[in-house]
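J.: Structure provided below as structure tokens; questions to follow.
Rule-based calculations on the coordinates, nothing more; no lab input. In this text, all values refer to a predicted model and were calculated from it rather than measured experimentally. Don't worry about glycine lacking a Cβ; one is built from the backbone with ideal geometry, like all the others, and counts go over all protein chains shown.
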């Protein structure tokens with residue numbers, strides 16, 4: 001029989017006792033003694049740390065002012081309207097978050113205004129261009145009707 005570690009041996013003996021059989025090895029009746037410990041050396045006395053003059057603690061803690069509306073970063077306004085919307089703007093329109101119109105970013109770059117906050121600005125697949133234009137036209141017409 002393979003040699004088992006202590007935990008497995010204990011588990012087997014408990015299981016055998018629960019089944020009503022006698023365990024293979026009885027529990028030891030005498031407690032085991034701990035190994036003798038080496039004598040301790042006397043503790044060394046430490047020199048006290050040099051005292052340095054320090055500033056008294058402030059009576060009230062300093063708090064940083066909360067950022068107000070003037071200090072929050074604002075996005076630049078959208079630029080010129082693009083001829084063809086990107087995939088992100090069309091997905092946004094399908095989710096109901098925008099009208100689907102795609103604007104250039106005022107700061108420049110190749111991404112549109114909506115995608116300039118970190119999203120990838122991907123062109124529409126050629127198959128979806130016709131349907132996307134119809135969707136944008138319908139959403140813009142619906143916005144104009146709701147505004148009037």
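J.: Which residues does a label at residue 146 reach in the stretch 95-111, if reach means a backbone N under 16 Å from a point 7 Å past the Cα toward the Cβ?
T.: 95-101
J.: Something else about it: At 4 °C and 1.567 mPa s, grab the translational diffusion coefficient of the stretch 87-147 from Stokes-Einstein with a Kirkwood Rh over Cα pairs, rounded to a whole number in µm² per second.
T.: It diffuses with D of about 106 µm²/s by this estimate.
J.: Arrange the peptides 130-136, 34-40 so that the one whose residues have, on average, the most other Cβ atoms within 10 Å appears first.
T.: 130-136, 34-40
J.: Now for a separate question. Using the basic label-point model (7 angstrom from Cα toward the beta carbon), what is the residue 94 to residue 41 distance in nanometres?
T.: It works out to 7.5 nm between the two label points.
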